[in-house]
Amino acid sequence: MTSGKNQSKLPKWFKGELYPKGDTVKNPFSGEICELNAEELSMYDFIVGAQAIFGMGHIESEVVRDFERALHWFRKNNAKAYMILLD
């Protein structure tokens with residue numbers, strides 16, 4: 001289990017839902033789990049949602065840009081959870 005050390009507010013460009021609390025997230029492939037704070041969970045769900053949209057063939061430049069920003073934000077704010085859940 002891991003929790004973010006560099007907890008920070010979500011960036012202004014983030015248009016997703018901000019959850020009131022964090023939760024435990026499990027990597028579906030490795031089974032490893034991470035405890036995410038509210039901001040990290042909100043960003044993680046945005047990333048996973050964007051991946052699902054891309055998988056359906058819906059690729060809009062704004063979503064791609066925000067997806068890349070989201071990955072960067074997550075990597076910066078909780079590198080260990082990024083490596084476990086998204087790398």
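Quick note: the coordinates plus some simple rules give every number you see, no bench work behind them. Treat the numbers as computed from the prediction; the structure is a model and nothing was measured. Here Cβ is always computed from backbone atoms with ideal geometry, including for glycine, and neighbour counts include all displayed protein chains.
Odds and ends about this structure:
- Modelled spin labels at Lys76 and Glu35, positioned 7 Å past Cα toward Cβ, are 2.6 nm from each other.
- Across the chain, the longest run free of exposed loop sites, meaning chymotrypsin sites (Phe, Trp or Tyr not before Pro) lying outside DSSP classes H, G, I, E and B with no more than 15 other Cβ atoms within 10 Å, spans 30-87.
- Its Cα gyration tensor gives the chain an equivalent ellipsoid. The semi-axes, each the square root of 5 times an eigenvalue, are 20, 16, 11 Å from largest down.
- Mean projection area, nm², convex hull over Cα of segment 44-87: 2.8 nm²
- Segment Asp87-Thr24, extension gain: residue separation times 0.36 nm, minus the distance between their alpha carbons: 20.9 nm
- The region of the chain that goes longest without hitting one of the trypsin sites (Lys or Arg not before Pro) in a DSSP loop, each with at most 11 other Cβ atoms within 10 Å, is 22-87.
- Seen against the Cα atoms of the chain and their longest principal axis, helix 38-55 is set at about 40 degrees.
- Between the helical axis of 61-77 and the longest alpha-carbon principal axis of the chain there is an angle of about 10 degrees.
- Helix-only arithmetic for the chain: the sum of -39500 (n - 2.57) across DSSP H runs with n ≥ 4, divided by the residue total, places the mean residue ellipticity at 222 nm at -15500 deg cm²/dmol.
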